[in-house]
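S.K.: Here it is, the structure, as structure tokens.
The values are calculated or read from the model by the stated rules, or taken from the named source; none is laboratory data. Note that the coordinates shown come from a computational prediction; the quantities given were computed from them, not determined experimentally. No Cβ is skipped: glycine too gets one built from the backbone with ideal geometry, and neighbour counts run over all protein chains shown. What goes into the accessible areas is simple: the full protein's heavy atoms, side chains included, and nothing from ligands, DNA or RNA. Shrake-Rupley method; radii C 1.70, N 1.55, O 1.52, S 1.80 Å.
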Amino acid sequence: MPVRRLRPPFRFLERLRQMQEDERQQAISNPFLAQALEKEKMEGHRLAIIARTIALGLVGLLLPFLNFSLNVLYYEAMLLLFIGLGWLQLRMASVGYSKSELALIFIDVSLLTVLFITPNPFFDQDIPTAFMYRFDNFIYFFIFLAVGTLAYSWRTVWAMGTWVAVLWLIGFAVVSLFGHTIPELTQAASNAFQGHPLVDEELDPNSTRPGVRVQEIVVFLIVAGILAVKGWRSNQLLMRQANIAAERANLSRYFPSSLVDVLASTDRDIGAVRTQDVAVLFTDIVGFTKYAEQHSPEDVMDLLRHYHAFVERSIFQNGGTLDKYLGDGVMATFGTPETGPGDAANALKAATQLIEETDRFNQAREAEGLAPINVSIGVHFGPVILGDIGPSRRLEFAVVGDTVNVASRLEASTRELGCKCVVSEALMQRAKQSEAEDNPPGKFMPRDPIKLRGRQNEIDVWTV
């Protein structure tokens, strides 16, 4: 069975629907986009209503100049009505599809159409209905369209364009078929401009001038289409900026804020697999399994939230990268994605700060009658392999190698050594070099070499 191809107009409509659905899905999945759209919508709407009020106020000042008579008060009153409708639209404004807001916009353009094709009821002269077209009031639709681009989405701007075109066409048909005419004026014009048919047609008071009406509709649709495309492009830019904000927020979960801008703007492939010297820190809550067994899930989660908060603070304030959470444990690196001369010293400072933060946390817990917690910390410095690992659909930036394994074993050795933190000789020597200090921070003291599980050679360590 042959596949039917969509004709161009239907392909355009299908593409339009797909664009709307894509924007909706992005707004749902990206909270930064939803917030950006909401902020842009409300700020744009306030600006639009202020601009609309000023514009209509200027038109109100212009009207007496165009028609210096008492019947102009009718149009002044209508301007006040449109100003009121504008502020009502602001009150009803919401992000996304809003029937009430669309209804008010439709009322706007409908009232405007009726106002432009019907004579002033307070006008004391008998004129043909078609004569209203002589005042060229259609240009005021452009004010409403321009203001709409400040407040509404590109879809609503295009909808306004099509509504105006359809309503103006309906109004033209109503005036042509049912409008009030004065045949004597047509005859008088024919007599006056006999031999000049073009002038006669243009100046006939009963003529609706179909060519001009079609021209108004076509030009208005063109302008509405251009403004809708401009609005769509602005929306795409807003989405890209929101996605950048989301990406930076994701980066800030793992890297200190000082590195986020660098990572976001660098041309280097951060995920490329490479080897570099890095300080690796592991920390854990001692006896957490027993604690979780004896306490409610709410108490366990509350402890983890507080613990992870000051661990994250200790890492980020010293230029580290939060690599991953391991239940109650945390792995951090110093020197990723970019190395620095103070990586080892920063890791040592982070370990010292973590001990101090734990002491303050325990003081607060004891004041509340809660048992203190003990943390264990292991830090090592050396070469690691880092980069993206995993299948193409699920990449993860990882740091692996013997240095990582040693840091993990050092953290576990704190139980045997009866201390809070164990630091390798390699890290301590590198920290001394970068800090140019004889005594490392935190009152670390050398210990006898220890043998780590899974390794043949002993390793020199320092403890606090």
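S.K.: Looking at E411, is it closer than 30 Å to Q294 by Cα, open to solvent by 70 Å² or more (accessible area, probe 1.4 Å) and at pLDDT 85 or above?
M.R.: For E411, the condition - closer than 30 Å to Q294 by Cα, open to solvent by 70 Å² or more (accessible area, probe 1.4 Å) and at pLDDT 85 or above - is not met.
S.K.: May I pose another question? Quick check on this structure: which one of I315, I377, I355 is open to solvent by less than 10 Å² (accessible area, probe 1.4 Å), assigned to a helix (DSSP H, G or I) and under 25 Å from T463 (Cβ atoms)?
M.R.: I315
S.K.: I've got another one for you. Evaluate the following for L221: is it at pLDDT 85 or above, open to solvent by 50 Å² or more (accessible area, probe 1.4 Å) and not basic (K, R)?
M.R.: When the stated conditions are applied, L221 passes them.
S.K.: What residue, among those in region 309-336 that are within 17 Å of S376 (Cα to Cα) and aromatic (F, W, Y), is modelled with the highest pLDDT?
M.R.: The qualifying residue modelled with the highest pLDDT is F310.
S.K.: Output the number of the condition that M132 fails; it satisfies all remaining conditions of (1) assigned to a loop (DSSP other than H, G, I, E, B); (2) open to solvent by less than 70 Å² (accessible area, probe 1.4 Å).
M.R.: That leaves (1) as the condition not met.
S.K.: Only residues in region 365-380 that are polar (S, T, N, Q) count as the first member; pair them with residues that are surrounded by 12 or more Cβ atoms within 10 Å (Cβ to Cβ) and part of a helix (DSSP H, G or I), Cβ under 6 angstrom, at least 6 apart or cross-chain, and list the lot.
M.R.: These pairs meet every condition: S376/E411; S376/T414.
S.K.: Hey, could you check region 308-346 for residues that are of a type in the set (G, A, S) and more than 35 Å from the chain's Cα centre (by Cα) and say which is nearest to V399 (Cα to Cα)?
M.R.: A344
S.K.: Going by the conditions given, is I182 open to solvent by less than 40 Å² (accessible area, probe 1.4 Å) and out of contact with any Ser or Thr (no Cβ under 9 Å at 6 or more places or on another chain)?
M.R.: Values: open to solvent by less than 40 Å² (accessible area, probe 1.4 Å): yes; out of contact with any Ser or Thr (no Cβ under 9 Å at 6 or more places or on another chain): yes.
Yes.
S.K.: Taking the stated definitions as given, is V157 closer than 25 Å to V114 by Cβ, hydrophobic (A, V, I, L, M, F, W, C), surrounded by fewer than 18 Cβ atoms within 10 Å (Cβ to Cβ) and touching a helix residue (DSSP H, G or I) at 6+ places or on another chain (Cβ under 8 Å)?
M.R.: Spelling it out, it is not the case that V157 is closer than 25 Å to V114 by Cβ, hydrophobic (A, V, I, L, M, F, W, C), surrounded by fewer than 18 Cβ atoms within 10 Å (Cβ to Cβ) and touching a helix residue (DSSP H, G or I) at 6+ places or on another chain (Cβ under 8 Å).
S.K.: Can L115 be described as open to solvent by 10 Å² or more (accessible area, probe 1.4 Å), out of contact with any Cys (no Cβ under 7 Å at 6 or more places or on another chain), in contact (Cβ under 8 Å) with a residue 12 or more places away in the chain and assigned to a helix (DSSP H, G or I)?
M.R.: yes
S.K.: Among the candidates S258, S252, S265, single out the residue that is modelled with pLDDT under 70, under 28 Å from M428 (Cβ atoms) and surrounded by fewer than 17 Cβ atoms within 10 Å (Cβ to Cβ).
M.R.: Being modelled with pLDDT under 70, under 28 Å from M428 (Cβ atoms) and surrounded by fewer than 17 Cβ atoms within 10 Å (Cβ to Cβ) holds for just one of S258, S252, S265, which is S258.
S.K.: Within the group A246, A279, which residue is at pLDDT 85 or above, touching a helix residue (DSSP H, G or I) at 6+ places or on another chain (Cβ under 8 Å) and of a type in the set (A, V, I, L, M)?
M.R.: A279
S.K.: Moving on to the next point. Which count do you get for residues in region 194-230 that are at positive phi and of a type outside the set (K, R)? Quick ask: steps written out before the conclusion?
M.R.: Within region 194-230, the first condition is being at positive phi, and the residues that meet it are 195, 209.
This time we only want the ones that are of a type outside the set (K, R), so: 195.
Within region 194-230, residues that are at positive phi and of a type outside the set (K, R) number 1.
S.K.: Can you confirm whether region 337-347 contains a residue that is in contact with a strand residue (DSSP E or B) (Cβ under 6 Å, 6 or more places away or on another chain), part of a helix (DSSP H, G or I), among the charged types (D, E, K, R) and buried (at least 16 other Cβ atoms within 10 Å of the Cβ)?
M.R.: Yes, because at least one residue in region 337-347 is in contact with a strand residue (DSSP E or B) (Cβ under 6 Å, 6 or more places away or on another chain), part of a helix (DSSP H, G or I), among the charged types (D, E, K, R) and buried (at least 16 other Cβ atoms within 10 Å of the Cβ).
S.K.: Another question, then. List every residue pair whose Cβ atoms sit under 7 Å apart, with the two residues 6 or more apart in sequence or on different chains, where the first one lies in region 404-429 and is more than 17 Å from V330 (Cα to Cα) and in contact (Cβ under 8 Å) with a residue 12 or more places away in the chain and the second, anywhere, is open to solvent by 50 Å² or more (accessible area, probe 1.4 Å) and of a type in the set (D, E).
M.R.: Here the result reads E425/D460, each pair linking region 404-429 to a residue that is open to solvent by 50 Å² or more (accessible area, probe 1.4 Å) and of a type in the set (D, E).
S.K.: Kindly list the number of the only condition in (1) open to solvent by less than 50 Å² (accessible area, probe 1.4 Å); (2) touching a helix residue (DSSP H, G or I) at 6+ places or on another chain (Cβ under 7 Å); (3) modelled with pLDDT of 85 or more that fails for V212.
M.R.: (2)
S.K.: OK, next. Answer yes or no as to whether P197 is out of contact with any helix residue (DSSP H, G or I) (no Cβ under 8 Å at 6 or more places or on another chain) and either modelled with pLDDT under 80 or surrounded by 16 or more Cβ atoms within 10 Å (Cβ to Cβ) (or both).
M.R.: When the stated conditions are applied, P197 passes them.
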